[in-house]
Amino acid sequence: ETTFTKGLYNSFKGKEIVYSPCIFPWYAAKLKRSDLVIRMAYIASALKSDEKIDEICNILSDSDPDERSYIVRLLLIHPQTDTQRKALTSALCDKSEMTRKQAYAIVCNTELCPENYLQMEEMLRYKAADARANLINLLCTQSDSDLYGSVQRLINDKKEEKRTAALDIIMQTGKDEKRTDLFDKCRELVSNISEPTTKEKI
């Protein structure tokens, strides 16, 4: 079953294959690439194979948006490999709002690697308000030294979206009485923005 489904998936040259006619001259059947992804996800879950789950992680974007949140919950509730943690982190900025919510709920209870937080920093280039808020909240769960590193990298980035994220993090840190020293240290980095945009001035 696994070999057949994977072989069929690899044979796809587009998003779907239409068989017309199929069985009867007047009947046509359609098979979508996303149909195979969800089927392989079920198989990977049943086998409890990290190798199979990693394979699904690499083709998760080919799944149907309405099914992606279910696949994330099915396979990534307890990520075991770097590939799985990377896929889960990427889902924080998925095109599907439901998938973003599902990923955030899981990540909040998952121990991530330093690389995943660097991945989040890069994802702050996206403009979806809920995704940015979630990413900032997660970055703020880092230790003071790691969070300072994040702010330092973001505030020196060429992209305005990342710099404004750094400013949001600094403002959020300023509301935490336990992070007064960190706030003062991060606030000094603001001067690195030599020519702030209107958004950054606000």
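The values are calculated or read from the model by the stated rules, or taken from the named source; none is laboratory data. Since the structure is predicted, the reported quantities are computational estimates derived from the model, not experimental observations. Cβ atoms come from the backbone with ideal geometry, glycine included; neighbour counts cover every protein chain shown. Side chains are part of the model used for accessible areas, which takes the heavy atoms of the whole protein and leaves out ligands, DNA and RNA. Shrake-Rupley method; radii C 1.70, N 1.55, O 1.52, S 1.80 Å.
Among the candidates 193, 169, the residue that is over 22 Å from the mean Cα position of the chain (by Cα), of a type in the set (A, V, I, L, M) and open to solvent by less than 40 Å² (accessible area, probe 1.4 Å) is uniquely 193. Scanning the range 88-98 for residues that are surrounded by fewer than 20 Cβ atoms within 10 Å (Cβ to Cβ) and among the acidic types (Asp, Glu) yields a single hit, 97. Of the residues that make up the range 101-108, is at least one of a type in the set (A, V, I, L, M, F, W, C) and free of Cβ contacts under 8 Å to residues at least 24 places away in the same chain? Among the residues of the range 101-108, at least one is of a type in the set (A, V, I, L, M, F, W, C) and free of Cβ contacts under 8 Å to residues at least 24 places away in the same chain, which makes the answer yes. Does any residue of the range 143-150 turn out to be within 22 Å of residue 89 (Cβ to Cβ), touching a helix residue (DSSP H, G or I) at 6+ places or on another chain (Cβ under 6 Å), charged (D, E, K, R) and open to solvent by 60 Å² or more (accessible area, probe 1.4 Å)? There is at least one residue in the range 143-150 that is within 22 Å of residue 89 (Cβ to Cβ), touching a helix residue (DSSP H, G or I) at 6+ places or on another chain (Cβ under 6 Å), charged (D, E, K, R) and open to solvent by 60 Å² or more (accessible area, probe 1.4 Å). In this structure, is residue 71 over 20 Å from residue 139 (Cα atoms), touching a residue at least 24 places away in the same chain (Cβ under 8 Å) and among the aliphatic types (A, V, I, L, M)? Judged against the criteria, residue 71 is a match.
When the residues of the range 123-141 are filtered to those that are in a loop (DSSP other than H, G, I, E, B), within 21 Å of residue 87 (Cβ to Cβ) and open to solvent by less than 70 Å² (accessible area, probe 1.4 Å), the one that is modelled with the lowest pLDDT is 128.
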